[in-house]
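Engineer: One structure, pasted below without further comment.
Each value in this text was obtained by applying a stated rule to the coordinates, not by laboratory testing. What you see is a predicted model, and the numbers here were worked out from it, not measured in a lab. Every residue, glycine among them, receives a Cβ derived from its backbone with ideal geometry; neighbour counts consider all protein chains shown.
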Amino acid sequence: MRSKGLIHVDTEVSVPFFDIDMMNVVWHGHYVKYLEVARCALLDQLDHNYAQMREAGYAWPVIDLQLRYVRGAVFGQRLNVRASLVEWENRLKINYLITDAATGERLTRAMTVQVAVEIASREMQLVSPQVFIDAVQRALQ
């Protein structure tokens, strides 16, 4: 079973017309945008979002992304995207669950991994910066 994480955020997304393909379902690549919306909401809840990461001197590129599709979403469907923080000390790992907002039916699950890269040197960090770890610790209290 996938870890639900110690901190999570639920975000609602409504599928726009321009995200569907000729089969009338969301094109698979658009799910990544939905993950990003939820990830940004999670980082805001931690009070350490992308702007604050940059100000602290770090970029956080995605180095791994996994998606498992169960059922395609359709135009106008309201989706709940849950982002759950599962690792943060050496990397930022987030699990996602996309469900139908009305029924709770599981549509997609996903996972992303990001690592800190010092902007000035462009060197990947083997542990998360203390400023990020501190933000998570504050959110856990």
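Engineer: How far is helix 130-140 tilted, in degrees, relative to the longest principal axis of the Cα atoms in the chain, given as a value from 0 to 90 rounded to the nearest 10?
Structural biologist: So the helix axis and the longest Cα principal axis differ by about 60 degrees.
Engineer: Moving on. So what is the calculated 222 nm ellipticity per residue for the chain, using -39500 (n - 2.57) for each DSSP H run with n of 4 or more, over all residues, to the nearest 500 deg cm²/dmol?
Structural biologist: Using -39500 (n - 2.57) per qualifying helix, the result is -7000 deg cm²/dmol.
Engineer: Something else about it: To the nearest 20 Debye, how big is the dipole of the range 29-70 about its Cα centre, given +1 on the beta carbon of each Lys and Arg and -1 on that of each Asp and Glu?
Structural biologist: Taking the Cα centre of the range 29-70 as origin, the dipole is about 200 debye.
Engineer: Could you give each residue of the range 84-99 its phi-based ³J(HN,Hα) in whole Hz, using Karplus coefficients 6.51, -1.76, 1.60 with θ = phi - 60°, and x for Gly or Pro?
Structural biologist: Here the 3J(HN,Hα) series is 10, 6, 10, 9, 8, 6, 10, 6, 9, 10, 10, 9, 10, 9, 9, 10 Hz.
Engineer: Could you tell me how far the Cα centroid of the range 67-141 sits from the Cα centroid of the range 2-34, in Å?
Structural biologist: Going from one Cα centre to the other spans 13 Å.
Engineer: Okay, next question. Jot down the radius of gyration and Dmax of the chain, Cα atoms only, both in angstrom.
Structural biologist: 15.8, 48
Engineer: Of Gln130, Phe18, Leu107, which is farthest towards the positive pole of the chain's charge dipole, taken about the Cα centre with +1 and -1 on the beta-carbons of Lys, Arg and Asp, Glu respectively?
Structural biologist: The residue sitting most towards the positive pole is Leu107.
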